[in-house]
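Everything below concerns the one structure shown next.
The values are calculated or read from the model by the stated rules, or taken from the named source; none is laboratory data. On a predicted model such as this, the values are computed, not experimentally measured, just so you know. Counting neighbours? That spans all protein chains shown, and the Cβs are built from the backbone with ideal geometry, glycine included. Keep in mind that these areas ignore ligands, DNA and RNA; they rest on the heavy atoms of the full protein, side chains included. Shrake-Rupley method; radii C 1.70, N 1.55, O 1.52, S 1.80 Å.
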Amino acid sequence: GVVLERVGRGSVLVTAGCTWVVLGGTSLGREGLVMARLLERGDLAGARERLPHLCARDPNELDGDGLARAVVESVAENTSDAAIAPLVWGAVAGVPGLLMYRAVNTLDAMVGYRNPRYERFGWAAARLDDVANWVPARVTGGLVALCSGRDAWRILRRDGKKHPSPNAGRCEAAFAGALGVRLGGVNEYGGRVERRPEMGDGRAPEVRDIRRAVGLSAVVTFAAAAVIWSLR
């Protein structure tokens, strides 16, 4: 990244190319819509097979609503990881910031798990990812509230800190308030069960909420790009 920035001397093409490489908002939205289409036509087997493209949750025992919740939560959390955080780091540190963030986030996705295989190996990647996402996650929550209204802000402030992750909870709580749904509950990861606090006052997510979550993610991403462009 440093070499590219020095050789390119601030070239717009170099910056645009690296930004395109590291941003994952379009892929995130595409995967969410694939899951929506599978569930809308009742293809549970196909949806269970596809869910690992979005998250590490065990899909085998999930029904349609359980899969919908997994997708909505993944879209919420990854709006920060895939889109807002790269934009923030690019604004702060240019091309090196873009590539550094994507390396950190990818390492966390690969080995940042609390299980016997990765517990002692992946902790550094997981903690570094927590640090790198601390500000972007809160920017994401604030932008969701700005784009959606008072309920998102209220749930973000009330429930964002309940999540075991210092960052994911901010994004999921804001989405829960914006969509009028209740996120959190029991999740299973490869035989390991986690009981996470619930966030939001609404009903449990349904299949129709996936498209709403994907749409909100896109709006928030464009808002972040507009804010950063205006500041730069």
Kindly state, as a whole number, the per residue volume in cubic angstrom of the convex hull around the alpha carbon atoms of segment 1-105.
90 Å³
Find the relative contact order for the chain and round it to a whole percent, using C-alpha pairs within less than 8 Å whose residues are 6+ positions apart.
23 percent
Between residue 131 and residue 20, 0.36 nm times their residue separation minus their Cα-Cα distance comes to what?
37.6 nm
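Tell me, what is the percent relative contact order of segment 85-223, built from C-alpha pairs under 8 Å that lie six or more residues apart?
Numbers: 191 pairs, mean separation 22.2, N = 139.
16 percent.
What does the charge add up to near residue 107, with Lys and Arg as +1, Asp and Glu as -1, over the other residues with Cβ less than 14 Å from its Cβ?
Computed value for this residue: -2.
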Given charges at beta-carbon only (K, R positive; D, E negative), |dipole| of the chain in Debye
540 debye
Report the calculated FRET efficiency for residue 150 and residue 45 (r = Cβ-Cβ distance, R0 = 45 Å), to the nearest 0.05.
0.65
So what's the convex hull volume per residue for the Cα atoms of segment 96-232, in Å³?
120 Å³
Can you give the charge dipole size of segment 107-190 about its Cα centre, rounded to the nearest 20 debye, using +1 on the beta carbon of Lys and Arg and -1 on the beta carbon of Asp and Glu?
320 debye
Heavy-atom accessible surface of the chain: percent carbon and sulfur, 1.4 Å:
59 percent
Rank 168, 228, 87 by how far each Cα sits towards the positive end of the charge dipole of the chain (+1 on Lys, Arg Cβ; -1 on Asp, Glu Cβ) and give me just the farthest.
228
Send over a whole-number figure in Å² for the accessible area per residue of segment 1-149, probe 1.4 Å.
52 Å²
In whole Hz, what ³J(HN,Hα) sequence does segment 61-73 give by Karplus (6.51, -1.76, 1.60; θ = phi - 60°), x for Gly and Pro?
9, 8, 8, x, 5, x, 5, 4, 4, 4, 5, 4, 5
Once the chain is represented by equal point scatterers at the alpha-carbon sites, with solvent omitted, what log10 I(q)/I(0) does the Debye formula produce at q = 0.12, 0.17 Å⁻¹?
-0.65, -1.26
